[in-house]
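The values are calculated or read from the model by the stated rules, or taken from the named source; none is laboratory data. The model shown is predicted, which means the values in this text are computed figures rather than measured ones. Here Cβ is always computed from backbone atoms with ideal geometry, including for glycine, and neighbour counts include all displayed protein chains. These accessible areas exclude ligands, DNA and RNA; they are computed on the full protein's heavy atoms, side chains included. Shrake-Rupley method; radii C 1.70, N 1.55, O 1.52, S 1.80 Å.
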Amino acid sequence: MTDRPPRVFDPRDDPASDDADHWDPLTVALVRIRRDPRLIVPFLLAGVFLTLVDYLRLEDPIPTVERAVPWSNGVSIDLAYAGFPTGVPQTTTHLESLVGLHPEYLAWGLALYLFPLLAVAAAGAVTIARAMDQPVRLEAVGAVFGFVLAADLLHRLLGSIELLQGMGLVGVPLLVGYLLVTVRLFAVPGLLVAGRSFVEAIRESARRTRGRGWTIVGVIFVVGLSSWFLASVAAGTFVTTALVAPLHAVAIVSLLEWDTADG
């Protein structure tokens, strides 16, 4: 584990920041990306790869679900938030579709499932490490990939947040619980890149997010709604991965630096 803390960025250094007492992670993330546009490069490359995977899935004999246009049958607003920096793919394959396949098809199906997750995990680790002014470590990429995989499997188990949103009043307590857990885990990718173990990252993320819950909920809603909207335009996979995902990743670093500065 590295003892090197994240580099602290103070929004007061930016002339566009008029009130340093009311700054938020997204505002600081935008400033950081404006100053260092190379922060979007890892997710830009990941967006190209995820777009290619969309094409391969559509041409694949394994059953693939294509994302519906939300306003094709009336307006349907979803919070497209995965719990980690990523884009919104236009296709997905249910893992149940892989059951009973011949080994070669099973390997191909698993590759189309795992490699996109590895791509966004690597892009997230590189972006966060650069924002922290730290070297990229292979262990950090592996740790973030483990978190991304666990979060994705949890989303699939829950049937995604759209299911909770469609349950009416019955789903409200579940949605509140989901948001609470998501808020508490918000900083985990950044802490993993900083060298924490999984258990340490979860505990420290829960501690660092206390008292900032509403700020993080705001970040989640901005990221989720922006992803939902941009995923509905042409090349939605690429656009959401190249634009929203790096903003989310740098916002995680901004939150950690905010906590460091306050401490």
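Here are some notes:
- For region 186-263, with all protein chains in place and a probe radius of 1.4 Å, 67% of the accessible heavy-atom surface sits on carbon or sulfur.
- When the residues HIS155, HIS94, HIS248 are ordered by accessible surface, computed with a 1.4 Å probe over the protein chains alone, the sequence from largest down reads HIS94, HIS155, HIS248.
- Accessible surface of SER226, taken over heavy atoms with a 1.4 Å probe and every protein chain present, rounds to 50 Å².
- Taking amide H atoms as placed 1.01 Å from N in the peptide plane, the amide H of THR91 lies under 5 Å from those of ARG67, each 5 or more residues away in sequence or on another chain.
- Accessible carbon and sulfur surface of region 88-148 relative to its total accessible area, %, 1.4 Å: 73 percent
- Solvent-accessible surface of protein heavy atoms, probed at 1.4 angstrom with all chains present, puts PHE145, PHE43 in the order PHE145, PHE43, largest first.
- DSSP-loop trypsin sites (Lys or Arg not before Pro) across region 175-263, with at most 12 other Cβ within 10 angstrom: ARG210
- Principal axis extents of the C-alpha atoms in region 77-232 (largest first, rounded to whole Å): 49, 45, 30.
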